[in-house]
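The values are calculated or read from the model by the stated rules, or taken from the named source; none is laboratory data. As the structure is a computational prediction, the values presented were derived from the model and not from experiment. Every residue, glycine as well, gets a Cβ built from its backbone with ideal geometry; the counts of neighbours run over all protein chains shown. In case anyone asks, the SASA skips ligands and DNA or RNA and just uses the protein heavy atoms, side chains included. Shrake-Rupley method; radii C 1.70, N 1.55, O 1.52, S 1.80 Å.
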Amino acid sequence: AGLVLAALGKSAQLPFSFWLSHAMAGPSPVSALLHSATMVAAGGYLLLRIEPGLAATGWLGPVVAWIGALTALMLAAVALAQRDLKQLLAASTCSQIGFIVLAAGAGGVSAGTGQFVAQAVAKSLLFLVAGAWLAWLGTKDLVQLRGAAREHRLLGVTFTVGALTLGGMPPFSIWVAKDLVLSAALPTSGALYGIGLAASALSAAYAAKALAVVWARPAPEAAHLASRRAHGPSVAELLPLPVLAAAAAGLGVLAIPALAGKWQGLLQSPKPEGPAYWELGLSALLAAAVLAVVVWMQTARLAQNGKLIIGVDWLSDWLSLERFFRATIVRPTVALAKGCARFDDRVIAGGVDASAMMTLRFSRIVEARLERGVAGGVSAIAGSVRRLAVSARRPQTGLIHQYYAQSIVIMVALAAVFVLAR
C-alpha cells in the first residue's frame, strides 16, 4: 500500500494530479522528458513491476485498477477544459498514465508496457511541437495558436500525428495499446472497461479540440501569425519530430492480435492478453465519431465567436484538487503549527523563563544567607586558629634562660601529676 501511494503521487494520479499543472512552468524540452521518461511515468512503471505483489494481496490490484480508470476519465475531462496547450497535454499525461495504472491493477503487464511506450513517444512529440510554437510565436494559448499548423507544415503535420495518436485513432499506436489495456480490464470488471472506453472517447475529444484550433483559418480581424514570429524553428528543433511521428504511427503494429504474442513473450507476460477484433473496431469507431463531432463543434464555435470549447471552472482548475487540499490539509496543518509555535513561545518558553528567574532569585537568597553563615563560621575558626598560633608563638623568644625556666615549670607540673596519680 505504501508503494502504491508513492507511485500514485509520482505519476500524478488521483487525488494527487494537480502538482503536474505547476510543472508546466518549465521549458518545453524538459516537459517532453518529464512526461515521457522517468519523472511522471516512474510511478506507472513501478506498479507494472510490482504487479505480482498487487495480485498477491487480493484487494490492492482492484483498488489500483479503479484509481487508474477514474484518473483516465476525469483527467481527460480536465484536458478537454484547458485553453493552454501545455496544460492540455499535462492533463492528458495523467489520463494516459491512468491506463497504465489500470493495466497494472488488472494484471495486464504487457498491455501497460505497450501503453507506456506509445504514450511516451506521442507525448514527447507533442511537447516538442508545443515548445517550437512557443519559441517561434511566443504563445501557448490555444486561441492565439489558431492557424499555427498552417504557418509551418512540418510542425502542423507532426502535431497532427501526435494528436491523432493521443486520441486513439487507428492505425496509430495508442489505439491498439489502449485496447490491450481495456481487454485486460474486461475480465476483471465490465464497469472498468466502460470507464476506460469513456476515457478513450474523451481523449479523442481533447485531441480534436487542439487539432481544430491549430488548423483553423486565422480570424480575419486578427493579425497574421507570421507578423508575431521572431524566427522560424531551427533544424535542431525540427529534426526529432519526423522520427517521433513515425514511431507514434508505427509502434501500434506490436499490439495487434497477430503480433501481440511476440510482445507478450518479450515481456514474459504471465497470461495471454490481446483485444478482440470487435474491441479494436468499437474503439476505432468511437474515436472517429467523437473526433469528427468535436472538430465540427470547435470549428463552428471559432467561426461564430472565436472561442474554445471550455468546460466548467472546476474542470479547468484541475478538479479544484489543489484548493481542496489547501483547505483540508495545508491550512489546518499550518494553523496547528502556528498554534504549537504560540504555545511553545508563551507556555513552554515562558515557563522556562519563569523557572530560570525563580532559580536565579533562589540562588541569590541562598548566596546571601548561606554564604554569610558559612563565611562567618570559617572566619571564626580561622580567628581561633590564628589566636592559638599567636599564643603558641609567644614562648618562642629565643632566650635560653626562658627555655630553662619553662622546662622546670613543665617538669614540676609533670611531677605533681605523677605524685597525685600515685
Considering only Gly265, Gly156, Gly376, give the residue with the highest GNM mean-square fluctuation for the chain, with springs between Cα atoms whenever their separation is below 10 Å.
-> Gly376
Chymotrypsin sites (Phe, Trp or Tyr not before Pro) within the range 29-107, DSSP loop, no more than 13 other Cβ atoms inside 10 Å = Trp59
Of the residues Gly167, Gly339, Gly43, which exhibits the maximal mean-square fluctuation in a Gaussian network model of the chain defined by a 10 Å Cα contact cut-off?
-> Gly339
Report the extension gain between Met411 and Leu154 in nm, rounded to one decimal, defined as 0.36 nm multiplied by the number of residues separating them, less their alpha carbon distance.
-> 78.9 nm
What full-extension length gain, to one decimal in nm, is calculated for Leu399 and Phe343 as 0.36 nm per residue of separation minus the Cα-Cα distance?
-> 11.9 nm
In deg cm²/dmol, rounded to 500, what helix-only [θ] at 222 nm does the chain give when every DSSP H run of at least 4 residues adds -39500 (n - 2.57) and the total is split over its residues?
-> -24000 deg cm²/dmol
Sorting Val143, Val161, Val214 on solvent-accessible surface, 1.4 Å probe, most exposed first, gives Val143, Val161, Val214
Heavy-atom accessible area of the range 339-422 with neighbours in place, 1.4 angstrom probe: carbon+sulfur share in percent works out to 69 percent
Considering only Ala382, Ala289, Ala208, whose Cα is most displaced toward the positive end of the charge dipole of the chain, charges sitting on Cβ of Lys, Arg (+1) and Asp, Glu (-1)?
-> Ala382
Listed residues Ala236, Ala356, Ala303, most fluctuating in the chain (Gaussian network, C-alpha, under 10 Å) = Ala356
Can you tell me the accessible area per residue over the chain, all protein chains present, probe 1.4 angstrom, in square angstrom?
-> 50 Å²
In the range 55-191, what percent of the accessible surface is made up of carbon and sulfur (1.4 Å probe, ligands and nucleic acids excluded)?
-> 69 percent
Where in the range 74-163 are there trypsin sites (Lys or Arg not before Pro) that are in a DSSP coil and have at most 14 other Cβ atoms within 10 angstrom of their Cβ?
-> none
